[in-house]
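Report on one structure; see the data block that follows.
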Amino acid sequence: MLWNTEGFAGPLAAVCGDVPARLRPPADALPVPDADHWARLVPSSAARPLVDRARADLDAPWPQPRASAAARVHRDGDRDGYEQQVFTRQRRLSRAVVAALSDPDPRYLDEVADGVWLLCEQSTWCWPAHDDTFSRHGSVLATVTDPFLDLGAGEVVGQLAWIDHVLGRRLDERYPGLRQRIRHEARTRVIEPFLSRRDWHWLGLDGHVHNWNPWIHGNVLVAGLVLCEEGDERDQLVALVAQGLDRYVAALPADGAIDEGYAYWWNGACRALEALDLLAYATDGAWNPVPEVEALRETVAFPHRSHLGGPWYVNLADGPARPPADQPWHALHRAARAVGDDEARRHAAAHRADDAPATEDAGLGRLLRALSDDAWRAETPGPSPLPSDVWLPSTQVWLARGRAGSAARLTVVLKGGHNDENHNHNDVGSIIVASDGVPVIVDAGRPTYTAQTFGPGRYDIWTMQSDWHSVPRISGSAQPHGAAFAASDPVIVRTDEMEALDLEIGGAYPAGSVRSWRRRAALHRSGHVTIDDRWEAAGPDTEVRLLLAGSVTTGDGWARVTPLDGATPVRITWPTGAPHTLVVRELDDPMLTDVWGDRLSRLAISAGGRTELRVTVEQERNEDERP
């Protein structure tokens with residue numbers, strides 16, 4: 001089979017060589033039982049909540065994405081209204097598929113056919129914010145003769161391929177001709193563009209590889225395995241997918257860290273692991289590189305290494321600190337089993353819901369795999385592992401907590417890195433401190449995506465600016481955007497009394513702002529956290545800033561924060577006499593209010609006339625807990 005069509009071979013090819021030309025036939029290419037075997041292999045109890053929701057859908061009109069909503073991204077920047085209509089339509093279809101597999105009522109198969117037909121009639125599968133039709137054709141609506149292959153198109157073609165796999169025979173009986181329509185639309189909108197147009201930015205041919213790569217390649221793989229006939233074209237498509245995934249894995253650091261953070265792991269590294277699992281199945285295990293590639297083994301640990309406690313995670317870049325709890329935990333569980341990572345398996349198991357192994361929100365393929373995974377359905381939830389310390393050198397992210405396996409007391413995170421990461425925020429030197437696993441010194445995350453989010457005005461958005469992260473403002477300057485603005489010289493410090501990360505962050509500021517700025521965050525065995533800043537030649541307009549969540553009161557040299565979720569209050573102290581200000585930022589965007597409530601507060605401590613400043617964070621203790 002042709003592998004090196006674009007002059008590239010990475011760690012996957014090094015371990016496994018070419019993808020074998022012998023692939024499972026289309027009817028048996030995916031590791032999920034079809035309708036003829038579903039009821040025997042998947043207990044009805046696992047699907048009951050989905051069937052109940054599908055039953056409620058039957059008499060309701062289907063969502064209708066509109067031209068006026070699609071065009072808004074070019075007019076006022078709104079992309080969310082259109083996308084939510086598309087997502088709602090696809091989730092309804094996924095529920096209907098599970099219902100049709102689980103219940104003989106023919107109305108569910110009719111519902112599936114309606115949803116499939118609507119997708120085939122939908123003018124574009126691409127999300128308008130991604131389409132290049134305006135730059136190529138001057139159109140604010142999709143050009144149907146020149147489809148753009150993006151995340152949205154990948155999700156639809158993947159959904160249709162999974163439907164064809166599990167319900168194909170029954171659709172042939174009740175709706176003859178519908179499967180041919182699926183194949184026509186898949187070929188026109190995805191398969192031919194993928195094979196013929198090799199300038200897609202997400203391929204990473206310019207060296208910039210991000211989460212679009214495995215997300216789209218994984219869906220194209222499903223489409224190719226199921227919807228293409230056996231032969232050279234199918235073999236070539238699978239080889240191109242394997243090579244594309246190889247580019248992504250080649251860019252994945254040895255420690256498995258994701259610079260976009262935990263929330264994007266699920267649609268980046270996790271997508272790669274899922275696609276490679278499908279390739280292993282489609283080749284009868286002959287092409288199975290995951291256990292052999294260090295970066296893939298390590299990235300399986302990234303979710304639990306990012307866990308603060310409960311629903312809270314270390315959030316970097318555009319990720320939220322409290323992401324949706326409904327993630328495809330079964331995919332992490334499966335990957336953990338594949339590489340033998342028991343801590344990752346236990347972290348996934350901790351999120352196994354008793355009433356349903358998965359929901360439709362993550363897509364049909366993920367839903368079907370969860371429902372049909374015997375080991376996942378049988379898993380018993382337990383506690384998350386919560387490692388005592390984490391150091392990820394590729395992203396310069398460090399975490400320390402008081403005791404492994406417990407979110408109690410304080411956890412501290414310090415981030416170095418640079419200001420041109422994927423989904424970048426200008427945040428070199430940013431601090432997070434959690435009380436009982438709940439962030440108190442925080443990273444805000446990001447508001448709802450608009451056209452501005454990934455346009456030239458990105459850093460006009462306040463959440464992207466260093467002024468609204470827990471980093472210094474030096475000599476009146478914030479951190480600029482760019483890879484050159486970076487941390488350096490990270491040093492891990494361990495003693496009997498404490499563990500710390502010390503790094504240089506002066507390089508993240510404009511030239512001339514400061515000669516050197518060393519930041520050290522330390523977790524002391526006694527339970528408190530210190531943030532030590534030491535600098536040379538900074539101007540008078542210099543402040544150490546902390547972004548706080550919860551209810552905040554301040555006085556000379558102190559602040560008291562009552563955190564969210566009933567966590568133990570903390571007291572933040574600094575040298576008395578150092579002036580401070582507290583600015584309250586009212587929140588109204590649901591991406592922020594759903595995490596933080598109606599406000600965040602920025603504490604700014606003046607560093608004028610000093611060359612060092614220590615901030616101490618301690619949990620308040622009851623009198624009977626005091627030494």
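Remarks
- Flag if Val544 is part of a strand (DSSP E or B), in contact (Cβ under 8 Å) with a residue 24 or more places away in the chain and farther than 16 Å from Val471 by Cβ: no
- Verdict on Thr453 being in a helix (DSSP H, G or I) and either under 25 Å from the mean Cα position of the chain (by Cα) or surrounded by fewer than 21 Cβ atoms within 10 Å (Cβ to Cβ) (or both): yes
- Spans of helices (runs of 4 or more DSSP H) in the stretch 1-115 with at least 2 residues not assigned by TED's automatic domain parsing to the domain that holds Gly158: 11-16
- Selection of the stretch 232-291 for residues being closer than 21 Å to Cys16 by Cβ, buried (at least 23 other Cβ atoms within 10 Å of the Cβ) and β-branched (Val, Ile, Thr) yields Val238, Val241, Val249.
- In the stretch 147-159, the condition of being surrounded by fewer than 16 Cβ atoms within 10 Å (Cβ to Cβ) and of a type in the set (Gly, Ala, Ser) is met by no residue.
- Each residue in the stretch 289-309 was checked for being in a loop (DSSP other than H, G, I, E, B) and modelled with pLDDT of 95 or more, and 4 pass.
- Residue within the stretch 172-192 that is farther than 16 Å from Leu368 by Cβ, among the small types (Gly, Ala, Ser) and not in a helix (DSSP H, G or I) present: yes
Let's see how each residue does on (1) crowded, with 19+ Cβ neighbours inside 10 Å; (2) farther than 21 Å from Thr299 by Cα; (3) among the small types (Gly, Ala, Ser); (4) in contact (Cβ under 8 Å) with a residue 12 or more places away in the chain:
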site: Pro357; (1), (2), (3), (4): yes, yes, no, yes
site: Asp361; (1), (2), (3), (4): no, yes, no, yes
site: Arg366; (1), (2), (3), (4): yes, no, no, yes
site: Arg377; (1), (2), (3), (4): no, yes, no, yes
site: Trp391; (1), (2), (3), (4): no, no, no, yes
site: Leu399; (1), (2), (3), (4): yes, no, no, yes
site: Ala408; (1), (2), (3), (4): no, yes, yes, yes
site: Val413; (1), (2), (3), (4): yes, no, no, yes
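- Some residue of the stretch 587-597 being assigned to a strand (DSSP E or B), exposed (fewer than 13 other Cβ atoms within 10 Å of the Cβ) and on the phi < 0 side of the Ramachandran plot: no
- For first residues located in the stretch 585-596 and within 13 Å of Asp318 (Cβ to Cβ), partners that are charged (D, E, K, R) and lie 6+ apart or on another chain with Cβ distances below 6 Å form the pairs Val595/Arg322.
- Evaluation of Gly608 against (1) part of a loop (DSSP other than H, G, I, E, B); (2) at pLDDT 95 or above (one fails), failing number: (2)
- Yes/no for Thr530 being surrounded by fewer than 16 Cβ atoms within 10 Å (Cβ to Cβ), in a strand (DSSP E or B) and not charged (D, E, K, R): no
The values are calculated or read from the model by the stated rules, or taken from the named source; none is laboratory data. Remember, predicted model here, so these are calculated numbers, not experimental data. Virtual Cβ from ideal backbone geometry, glycine too; neighbours counted across all protein chains shown.
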